[in-house]
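Q: Here's a structure for you.
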Amino acid sequence: MEAVRRPRTGRKPRVDSVRNYERVLAAAKMVFAAGGAGTSLEAVAREAGVGIGTLYRHFPTREALFEAVYRHEVEQLVKLAEDLGPDLSPLEALRRWMHANVEFVATKKGMSTALAVVVHASSDLTTYSISRLSGALQPLLERAVGAGIIRDDISPEDILRTIVGLCYTHDKPGWQGNVHRLLDVFVDGMRTG
């Protein structure tokens, strides 16, 4: 799993520094998902229980924080795909991973304006996320196709586009529930027979 980017200093970071970094990422995800990209960085620091100086030490710009949260979320989905494999049926593993993407898109929607700036400045971020998410989804999809449960003409990109499309066409409070329901309909439509 690719780690979230941190500045390299040549020495191992202190335990409290790593802990603060992780706390800021978790707080930023929650605050941005709830309040959007315009939310103050002071609110993120407050939610993380750190000073604003600590936040800026790890993330010198708002865009650096957005990118770190985004990359962290992508890596969480990659890890989830790895963890879902053996204990669930192929269809249930695929369904759960798709549903977990709704939370990721909710965070991304909260940061959409700022992320647009970051993404346009760095096509690397777009390439990275598509590559990592498609790569994580591929084994889940292959397992379901191999079991004869899912049609074999569906690609990871088809599924990712569907998830994003469903999420971005819903914007009223409670939109996630509607998207989860529609994802279930989509999964049922991918089934063979």
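The values are calculated or read from the model by the stated rules, or taken from the named source; none is laboratory data. As the structure is a prediction and not an experimental result, all values here were calculated from the model. All Cβ positions, even for glycine, are placed from backbone atoms using ideal geometry, and neighbour counts span all protein chains on display.
Q: Pick from segment 50-67 the residues that are of a type in the set (G, A, S) and modelled with pLDDT of 90 or more: which of them is surrounded by the fewest Cβ atoms within 10 Å (Cβ to Cβ)?
A: Restricting attention to segment 50-67, the residues satisfying the condition of being of a type in the set (G, A, S) are 51, 53, 64.
Checking which are modelled with pLDDT of 90 or more leaves us with 51, 53.
Values: G51: 13, G53: 8.
The qualifying residue surrounded by the fewest Cβ atoms within 10 Å (Cβ to Cβ) is G53.
Q: Please note which helices (runs of 4 or more DSSP H) are completely contained in segment 80-193 and include at least 3 residues that are farther than 25 Å from V69 by Cβ, at pLDDT 90 or above and not assigned by TED's automatic domain parsing to the domain that holds A34. Steps first, answer last, please.
A: Numbers: elements: 90-110, 112-121, 123-146, 156-168, 175-190.
Of the helices (runs of 4 or more DSSP H) lying wholly inside segment 80-193, those with at least 3 residues that are farther than 25 Å from V69 by Cβ, at pLDDT 90 or above and not assigned by TED's automatic domain parsing to the domain that holds A34 span 90-110, 123-146, 175-190.
Q: I would also like to ask the following. Give the residues of segment 20-70 that are touching a residue at least 60 places away in the same chain (Cβ under 8 Å) and among the aromatic types (F, W, Y), sorted by residue number.
A: Of everything in segment 20-70, just one residue is touching a residue at least 60 places away in the same chain (Cβ under 8 Å) and among the aromatic types (F, W, Y), namely F32.
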